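Working notes for the structure below.
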């Protein structure tokens, strides 16, 4: 039987992505109620009138749907094709933690250098995870 431990970080990141998705209508509706923007400002995306505080959750959500797709693929590949090592499971959890912290930075004080470092390190972890998966499959 395949080891489902590699899937738990997948569920965790998917859950986090869902929480960020729920944040989007919350900040948009709040901004409309405060008359900071109008509903029409979202008719074809986000108009220039939409303040950054309203744009950022949507941008963060998009970030969580871009590179993490490769994370989902490698974890599913490990589950289906090769038993994941404890190192791979640890790397998967590390990736999730880094992405969550990246989101928290982005959604709160939004320091670009902090975000960049977290993004770069998470991508390094993802790359190592792919290399380990590839080497296990080749063996």
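Tabulated values for the structure
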| item | result |
| --- | --- |
| Residues satisfying the stated conditions in segment 106-127, i.e. out of contact with any helix residue (DSSP H, G or I) (no Cβ under 7 Å at 6 or more places or on another chain) and assigned to a helix (DSSP H, G or I) | 112, 113, 116, 117, 120, 123, 124, 127 |
| Residue in segment 95-105 that is out of contact with any helix residue (DSSP H, G or I) (no Cβ under 8 Å at 6 or more places or on another chain), over 30 Å from residue 53 (Cα atoms) and at pLDDT 95 or above present | no |
| Number of positions in segment 28-62 that are surrounded by 12 or more Cβ atoms within 10 Å (Cβ to Cβ) and closer than 28 Å to residue 120 by Cα | 11 |
| Residues of segment 73-89 classified as in a helix (DSSP H, G or I) and surrounded by fewer than 14 Cβ atoms within 10 Å (Cβ to Cβ), total | 6 |
| Residue match in segment 43-66 (condition: under 19 Å from residue 3 (Cα atoms) and under 11 Å from the mean Cα position of the chain (by Cα)) | no |
| Per-region count, segment 25-62, residues part of a helix (DSSP H, G or I) and more than 17 Å from residue 100 (Cβ to Cβ) | 18 |
| Meets criteria (surrounded by 11 or more Cβ atoms within 10 Å (Cβ to Cβ), out of contact with any strand residue (DSSP E or B) (no Cβ under 8 Å at 6 or more places or on another chain), assigned to a loop (DSSP other than H, G, I, E, B) and at pLDDT 90 or above) for residue 65 | yes |
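The values are calculated or read from the model by the stated rules, or taken from the named source; none is laboratory data. Predicted model, so just to flag it, every value in this text is computed and none were measured. Positions of Cβ are backbone-derived with ideal geometry, glycine not excepted, and every protein chain shown enters the neighbour counts.
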